[in-house]
Amino acid sequence: MTERSKVTVLKTVEVHASAGSNPALSAMNYENLMRLAIDEARLALDHDDVPIGAVLVGPNGDVVARDHNRREERSDPTAHAEMLVLSAGARATGDWRLTGHTLVVTLEPCPMCAGAAVNARVDRIVYGAADFKAGAAWSLYNIPQDARLNHRCDLIAGTLEAECSTLLTDFFADRRTS
Ligand SMILES: [Zn+2]
């Protein structure tokens, strides 16, 4: 089985599981939200950061925060897109608990970001491309769904996967040739 087909299987299973357990949120258009995250990811190119974008969506479907990877720009190993939107969302709502929120991100979260999403108590993580080298929301670990932790998030993988992964492969191809 190829890596791509595994992601597709996960997406199908998780979308159905999520829609069943959260009927109020099943109407949310994850692809439109992912397009916002992709727009954010492109902004990272302005400061030579890896193009990864994230959007935090509130319980009513409103976009609470959007940002992109700023690790190079800020010389900060924690300035991943997901960390930035979780912090911004908590500031905006005045509560570190982001219950009812959905984190939409172009690349599968790393252990730090997956851990932060669990700590923030987000309901759901939606991601585009899987990260077979560092992903902690299924690929290497599944932190958001680890029963030993005190909170679990629904996972929806593979949303606009091709566009999300093309952003990254183009970025690294450009760097190799320049
Ligand atoms: Zn991360």
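So here's what we get for this one:
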{"read-out": "Looking only at the range 76-99, and only at residues there that are surrounded by 16 or more Cβ atoms within 10 Å (Cβ to Cβ) and outside any helix (DSSP H, G or I), the one that is nearest to the ligand (Cβ to nearest atom)", "value": "His80"}
{"read-out": "Number of positions in the range 101-121 that are surrounded by fewer than 24 Cβ atoms within 10 Å (Cβ to Cβ) and within 11 Å of the ligand (Cβ to nearest atom)", "value": "5"}
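Every residue, every condition in (1) of a type in the set (Val, Ile, Thr); (2) in contact with a His (Cβ under 6 Å, 6 or more places away or on another chain), yes or no:
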position	(1), (2)
Ala81	no, yes
Gly89	no, no
Asp95	no, no
Thr102	yes, no
Cys113	no, yes
Ala117	no, no
Val122	yes, yes
Ala130	no, no
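Coordinate-derived values only; no laboratory data. Because the structure is predicted, anything quoted here is derived from the model rather than measured. Positions of Cβ are backbone-derived with ideal geometry, glycine not excepted, and every protein chain shown enters the neighbour counts.
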